[in-house]
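> Just passing along the structure, written as structure tokens.
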Amino acid sequence: MAEISSAVVRQCEAEVHVAYQQGGSRLRNSIRLQTGVVGKSTAFTRIGKGQATQKTRKGDVVLMDVDHSQVECLLSDWYAPDYVDKLDEFKIKHDERRVLTQAGAYAVGRKVAELIITAASDAATVDNTVGTGAAFLTLDNCLEAFALFNEAEVPDDGQRYAVVGPRQWNALLKVDQVAKSEYVGADYPWLNGREAKRWLNIIWMMHTGLVKTGSGATAATKCLLYHKTAIGLAENGHGIKAEINYVPQKVAHLCNNMISCGAVAIDPQGVVCMHVKDK
């Protein structure tokens, strides 16, 4: 028998949670997060805009009658399992099970990022998209997207985010307003060690998982700008969960990471797409 103590499993779960939160999905902290969800669906509340009014002396105040609507978010189950052969554990110096569980946490994190990107990309329409994928990212592209944000009255409260691909990030670094320290702000603690800058009071990040169009000379990327409240991510009560079980028939340990989650666009007006050429 190859029993695993509960202490080892608990330690593994703790490491997986850290790996998932710190490195699994860099987008998770940039959107509305709802944890502890019970069941297969939940709802995010979308709150409309109110209007201030006056009142007459001794008269009644006029209610704003702000619209409160519910946006449903469906959760799906995702798994990242792999086997570690029992004899292989004796042949290698590092802890293979720990490496696999952390790799699984990153795999789950990439899936979460994919769900977030898909929800945001699906919210983009012709009216809130800059470019058609035929031109490279430029300062003018960024300022046009910034203007769309402002015209939609997206709150300028430090919770605006921009996610661009590697090629677009390199293009941004050639823009003085982005590259020079006098234009950009400090990094966020949860973005330490990653490519990120604050410019136009927007936190700009590089991500490799954005939606692609075309190929070769016509390859393009749909970069995203969004407000934190525009996109929602829901996770079940356990969040990411790790399991290590010994399977006698395989003479191996099955290391599995799993999560039940879903993402949804809460307010499409808080999303802007920049469709720009790669190279």
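The values are calculated or read from the model by the stated rules, or taken from the named source; none is laboratory data. Just so we're clear, the structure is a prediction, and the values are computed from it rather than from any experiment. Quick reminder, even Gly has a Cβ in these numbers, built from the backbone with ideal geometry, and neighbours come from all protein chains shown.
> Grab the strands (runs of 3 or more DSSP E) fully contained in the stretch 178-255, keeping just those with 1 or more residues being modelled with pLDDT of 90 or more, of a type in the set (D, E, K, R) and farther than 17 Å from VAL272 by Cα. First the steps, then the outcome.
Numbers: elements: 196-199, 202-206, 220-227, 231-236, 241-247.
The qualifying strands (runs of 3 or more DSSP E) are 231-236.
> Out of all the residues in the stretch 261-268, is one or more touching a residue at least 40 places away in the same chain (Cβ under 8 Å), out of contact with any strand residue (DSSP E or B) (no Cβ under 9 Å at 6 or more places or on another chain) and in a loop (DSSP other than H, G, I, E, B)?
Looking through the stretch 261-268, none of the residues is touching a residue at least 40 places away in the same chain (Cβ under 8 Å), out of contact with any strand residue (DSSP E or B) (no Cβ under 9 Å at 6 or more places or on another chain) and in a loop (DSSP other than H, G, I, E, B).
> Scan the stretch 61-79 and give yes if some residue there is in contact with a strand residue (DSSP E or B) (Cβ under 9 Å, 6 or more places away or on another chain), among the aromatic types (Phe, Trp, Tyr) and over 21 Å from ILE231 (Cβ atoms), otherwise no. Even if it seems obvious, please write down each step before you answer.
First, the residues of the stretch 61-79 that are in contact with a strand residue (DSSP E or B) (Cβ under 9 Å, 6 or more places away or on another chain): 66-79.
Applying the additional criterion that residues be among the aromatic types (Phe, Trp, Tyr) yields 78-79.
In the following step, the residues that additionally are over 21 Å from ILE231 (Cβ atoms) were identified as 79.
Checked against the condition, which is being in contact with a strand residue (DSSP E or B) (Cβ under 9 Å, 6 or more places away or on another chain), among the aromatic types (Phe, Trp, Tyr) and over 21 Å from ILE231 (Cβ atoms), the stretch 61-79 yields at least one hit.
> Can I ask one more? Could you list all residues from the stretch 122-158 that are assigned to a helix (DSSP H, G or I) and crowded, with 18+ Cβ neighbours inside 10 Å?
Correct list: ALA123, ASN128, ASN141, CYS142, ALA145, PHE146, LEU148, PHE149.
> Additional query: Give the residues of the stretch 56-82 that are among the hydroxyl-bearing types (Ser, Thr, Tyr) and touching a Lys or Arg at 6+ places or on another chain (Cβ under 8 Å), sorted by residue number. Spell out how you get there, then give the answer.
Going through the stretch 56-82, the residues among the hydroxyl-bearing types (Ser, Thr, Tyr) turn out to be 56, 69, 76, 79.
Once the filter is applied, which keeps residues that are among the hydroxyl-bearing types (Ser, Thr, Tyr) and touching a Lys or Arg at 6+ places or on another chain (Cβ under 8 Å), the stretch 56-82 yields only SER69.
> If you scan the stretch 253-267, which residues turn out to be of a type outside the set (Ser, Thr, Tyr) and surrounded by 19 or more Cβ atoms within 10 Å (Cβ to Cβ)?
HIS253, CYS255, ASN257, ILE259, CYS261, GLY262, ALA263, VAL264, ALA265, ILE266, ASP267
> Step by step: first the residues of the stretch 61-87, then only those that are of a type in the set (D, E, K, R) and at pLDDT below 80, then the one that is farthest from LEU115 (Cα to Cα). Which residue is that?
LYS86
> Give the stretch 40-52 a look and list any residue that's more than 22 Å from the chain's Cα centre (by Cα) and either closer than 15 Å to GLN269 by Cα or modelled with pLDDT of 80 or more (or both), or say none.
GLY48, LYS49
> Please specify each residue of the stretch 156-183 satisfying the condition of being under 20 Å from THR125 (Cα atoms) and not hydroxyl-bearing (Ser, Thr, Tyr).
Of everything in the stretch 156-183, those that are under 20 Å from THR125 (Cα atoms) and not hydroxyl-bearing (Ser, Thr, Tyr) turn out to be ARG160, ALA162, VAL163, VAL164, GLY165.
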